[in-house]
Amino acid sequence: MIDFTDKNVLITGGSRGIGRACAKLFSDLNANVIFTYNLNKDEAQNTLDMLNPKQNNSMYQLDISKPEEIERFFVAVVEKYKRVDVLVNNAGIYIEHKINEISYGQWQQSWTETLTTNLIGVSNLCYFAGRHMSERKQGKIVNISSRGAFRGEPDHPAYAASKAGLNAMSQSLAVALGKHGVIVGVIAPGFVETDMAAPYLNSDAGELVKKQSPLNRVATPEEVARVVAVFASEGLAFMTGGIVDLNGASYLRS
C-alpha cells in the first residue's frame, strides 16, 4: 500500500480534472495536499472540501505564467510547511490556433501564451522545487505532459511543442538533480475524460478519438492520478528521467 503520511505534496491546477483527482488520491494516501488554482475559486474550494480534513491541506491562487507570483507562492508554501516532498506540475492551457485560419498576431499570441504557461511556468516551478529539494537531498517532481508531444497536434501546435519541451527539460533536470537525491519524471496521457475535454469528447470527433484506443475510450483522471502517485512513491528512484505513456495504446512510439 502506497502511503504518504507526513509528506507534503504540491499540485498545480488542482481545481478540476487531473489535478483534482491527484489531490483527492494523495489525500486518501495520507499526504498533506497543497494545490493551486488560477481563476475558479469555487471549484478549488470544492476540491479542498473533498480532502481528508485530518490532513494539513490548503489551496493557493496562482497564475503560473507570472514568474513573480511563482516566487512569492513557493516562499509562502515553504514558510508554512517547511518542506515540499512532491511537486506535481499539472496546470496548463490548450489553445486552438489553426495555421491557415488565424492572423499572424493571433498566431504569435497563441504561441506566447502557451509556452509561457506550459513550459516556462513549469520550468520556474521546477527551479524553486529543485533547489529546495536539493538542499534536503530528497524529493520528487512529476510533470504532466501529453502524447501530443510525440504524435503532434495540428490544431494546437504550440501545445505539442510545449509538451515536447517539457519532456526534454524534465530529462535534463533528472540528470542535473539526480546526484542531489531529486527524482524527476513525466506522465504523458492521451485524451482524458475531464470537464475541459467533455464538449469535444461528446461530439462526433470525440467518438473517433475514443476509437483510437482498442479499449474504445479515453483515460479517466483517476487513472492518471494513480500513475502519478506510483511514480512519486518510494522505491522507484531508478525511474528518474522516464516518460510514462498513458494513452490506452492509441499511440505507440518506439
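The values are calculated or read from the model by the stated rules, or taken from the named source; none is laboratory data. All figures in this text were calculated on a predicted structure; none of them were measured in a lab. So basically every Cβ, Gly included, is an ideal-geometry build from the backbone, and we count neighbours across all protein chains shown.
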(request) Would you list the helices (runs of 4 or more DSSP H) that sit entirely within the stretch 162-236 and hold 2 or more residues that are over 23 Å from R136 (Cβ atoms) and at pLDDT 95 or above? (result) 221-232
(request) Provide a single number: the residues in the stretch 69-115 that are buried (at least 19 other Cβ atoms within 10 Å of the Cβ), of a type in the set (V, I, T) and part of a helix (DSSP H, G or I). (result) 3
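On the basis of being surrounded by fewer than 20 Cβ atoms within 10 Å (Cβ to Cβ), under 19 Å from the mean Cα position of the chain (by Cα) and more than 20 Å from P221 (Cα to Cα), does Q61 make the cut?
For Q61, the condition - surrounded by fewer than 20 Cβ atoms within 10 Å (Cβ to Cβ), under 19 Å from the mean Cα position of the chain (by Cα) and more than 20 Å from P221 (Cα to Cα) - is met.
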(message) If the requirement is being surrounded by 17 or more Cβ atoms within 10 Å (Cβ to Cβ) and out of contact with any Phe, Trp or Tyr (no Cβ under 9 Å at 6 or more places or on another chain), which of these qualifies: I187, I144, I183?
(response) I144
(request) Considering only the stretch 22-40, state which residues are assigned to a loop (DSSP other than H, G, I, E, B) and acidic (D, E). (result) none
(message) Pairs please, first residue from the stretch 56-80 and under 22 Å from D28 (Cβ atoms), second anywhere and of a type outside the set (S, T, N, Q) and in a loop (DSSP other than H, G, I, E, B), Cβ atoms under 6 Å, 6+ apart in sequence or on different chains.
(response) N57/L51
